[in-house]
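Asks: My structure is below; once you've seen it, I'll send some questions.
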Amino acid sequence: MTSLLCFRARPATAVALLAFALTAAAAPRLASAQCTFVPPTASFTPGAYRCTDGAGYLWDIQGDRGDINEGTRDAYDGFGNVCVTTNLALTTQCNTVTETFSVPAASAMTLTTVTGGSEITLTSDSLGPMFPRTLQVTRRVFVPHGGTAGYLRYLDVIENRGATPVTIKVRAGTTDTSGTLGCDGSCRVVETDSGRTTLGAGQLWFVNDDASLTGGDPAIAMVMDNLGKDAVSTMGRGFGSFATSDSYYWEYEPVTIPAGGRAAYLHFQVQRDTPADAATVARTLMSPTAADLAGIDLALQRDIRNFQLAPPPNCGDGILQTAEGEVCDDGNTISEDACTRFCLPNVCGDSFVDPAAEECDDGNRVDEDDCTNACDLAVCGDGIVATFEECDEGALNSDTDPDACRATIGGGCVAAFCTDGVLDGDEACDDGNDVDDDACSNACIIAFCGDGLVQPTLGEECDDGNSFDGDA
């Protein structure tokens, strides 16, 4: 059964009531750097935190899914959601009726003071019987207060608490019809890392604004990737029945999380008065500093799939600094040996090739590509059907057994075929050649008068492909 995780949407009436309570829609940028809790009401049970960043922009973080209700001057309309689904072919909105995971109304939002800011954590909960394995998601939302830093940081942590691996699609941004931006129909992409204004796979960041580039709603930058292990696989504006200009989403797939493992996805939201200023911050966040990662311990940093992060500060000095999270330190910053530049043991799947133990390492858990999940180069006979193979039965591959996967004939790992020289179950003959006018045709049919093929070696002078005796 396909299952989906998505932080819960709210009724439009509740949004209106909460917007009134926060008085954010028309408010100027706030000067103070703090987070204030807005308690639940009868119409809006999750509650919210109203925070301002170091640059004075408002982030009103909602307690049901961690999205931004309004932001500064109606920059947001409930945008910034996350979905997790086993349906890798999903191209429509997240199903909010039958496949939706909702943070329970009674769940608490936890506010933690970390170095340089505040982090709000939405209580982790399980998908339970809706999912074939036990996945739990925790959403951590950080707002920096120090200096002039102005952004919001999302960290979505997905844990597999089951006994077997699970493969999923992770979608962020717009996941249903209610999570959009405040610029509504005038939203447009004005700048990206690639220079194009169309969105697609491999995008790292983009800036969105309304028709007024120097007024109206603030410009918004979204930073999704910096060439980490998991790149953006799909990206666009809306999908399914609501492909509108204020809906944006990006996806990572396939994501395989081993039993007992976790995967974390990091992205940043930025508000600025002009697209140029927003783009400047986005470029800076492509290389997150220690301050930008405040509150994320080193173990969790290493589970972030879409960002490459800096190693521990003393990694490579030859001294094991366990307090900094080092597991090994071989005195260099070379990743292609037993100890990587992150001072972690080189293991299969980390994208670093250890020549002493690995033939390849493509950093993914796809077994059917050129590099297997055992970090061996894919070869015919390994029992794994790679994308360039028709079949692979391992030790059962044979060039002589009927109907077997061929070991070397035809290039190897191709299905049994006519003219391979082996008499398979659906063949009358197979002479192993591509000569069509001998005793066995290229269709593996025994030659006969009337088959339309002239076989001189069988004494035929003509063969018109019929059994009528009164023609030429």
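Asks: Would you pick out the residues in segment 148-207 that are surrounded by fewer than 20 Cβ atoms within 10 Å (Cβ to Cβ), within 28 Å of residue 136 (Cβ to Cβ) and of a type in the set (Asp, Glu)?
Replies: 159
Asks: How many residues are surrounded by fewer than 22 Cβ atoms within 10 Å (Cβ to Cβ) and either modelled with pLDDT of 75 or more or among the hydrophobic types (A, V, I, L, M, F, W, C) (or both) if we restrict to segment 124-139?
Replies: 5
Asks: Just name the residue that is surrounded by the most Cβ atoms within 10 Å (Cβ to Cβ) out of those in segment 285-309 that are part of a loop (DSSP other than H, G, I, E, B) and touching a helix residue (DSSP H, G or I) at 6+ places or on another chain (Cβ under 9 Å).
Replies: So the residue we want is 307.
Each row is one residue, and each column tells you yes or no for (1) more than 20 Å from residue 263 (Cα to Cα); (2) acidic (Asp, Glu); (3) outside the structural domain of residue 169 (by TED's automatic domain parsing); (4) in contact (Cβ under 8 Å) with a residue 60 or more places away in the chain.
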{"position": "279", "(1), (2), (3), (4)": "yes, no, no, yes"}
{"position": "295", "(1), (2), (3), (4)": "no, no, no, yes"}
{"position": "310", "(1), (2), (3), (4)": "no, no, yes, no"}
{"position": "321", "(1), (2), (3), (4)": "yes, no, yes, no"}
{"position": "329", "(1), (2), (3), (4)": "yes, yes, yes, no"}
{"position": "337", "(1), (2), (3), (4)": "yes, yes, yes, no"}
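Asks: Follow-up question, since we're still on this one. Within segment 185-199, can one find any residue that is free of Cβ contacts under 8 Å to residues at least 60 places away in the same chain, assigned by TED's automatic domain parsing to the domain that holds residue 271 and on the phi > 0 side of the Ramachandran plot?
Replies: Among the residues of segment 185-199, at least one is free of Cβ contacts under 8 Å to residues at least 60 places away in the same chain, assigned by TED's automatic domain parsing to the domain that holds residue 271 and on the phi > 0 side of the Ramachandran plot, which makes the answer yes.
Asks: Still on this structure, I have one more. Among the strands (runs of 3 or more DSSP E) confined wholly to segment 205-284, which include 1 or more residues that are of a type in the set (Phe, Trp, Tyr)?
Replies: 205-209, 249-257, 262-272
Asks: Just need a number here: residues in segment 321-331 that are assigned to a loop (DSSP other than H, G, I, E, B) and either surrounded by 14 or more Cβ atoms within 10 Å (Cβ to Cβ) or within 31 Å of the chain's Cα centre (by Cα) (or both).
Replies: Number of matching residues: 7.
Asks: To continue, here is another question. So is residue 221 modelled with pLDDT of 90 or more and at negative phi or not?
Replies: Details: modelled with pLDDT of 90 or more: yes; at negative phi: yes.
When the stated conditions are applied, residue 221 passes them.
Asks: Quick one: which of 390, 427 is within 30 Å of residue 255 (Cβ to Cβ) and not assigned by TED's automatic domain parsing to the domain that holds residue 259?
Replies: Answer to the check: 390.
Asks: Just to be sure I understand, how many residues within segment 399-421 are assigned to a loop (DSSP other than H, G, I, E, B) and surrounded by fewer than 17 Cβ atoms within 10 Å (Cβ to Cβ)?
Replies: Residues that pass the stated criteria total 9.
Asks: Also, quick follow-up: Which residue pairs have Cβ atoms under 7 Å apart, sit 6 or more places apart or on different chains, and have a first residue in segment 255-267 that is assigned by TED's automatic domain parsing to the domain that holds residue 225 and a second that is part of a loop (DSSP other than H, G, I, E, B) and among the polar types (S, T, N, Q)?
Replies: Final answer for the pair search is 259/164; 265/306; 266/306.
Asks: Then there is this: Being within 30 Å of residue 367 (Cα to Cα) and not β-branched (Val, Ile, Thr) narrows it down to one of 407, 428, so name that one.
Replies: Going through 407, 428 in turn, just one is within 30 Å of residue 367 (Cα to Cα) and not β-branched (Val, Ile, Thr): 407.
Asks: Any idea which of 366, 379, 347 is touching a residue at least 40 places away in the same chain (Cβ under 8 Å), assigned to a loop (DSSP other than H, G, I, E, B), more than 30 Å from residue 59 (Cα to Cα) and not assigned by TED's automatic domain parsing to the domain that holds residue 141?
Replies: 366
The values are calculated or read from the model by the stated rules, or taken from the named source; none is laboratory data. Just so you know, these numbers come straight off a predicted model, no measurement behind them. Using ideal geometry, Cβ is built from the backbone for each residue, glycine included, and neighbour counts are taken over all protein chains shown.
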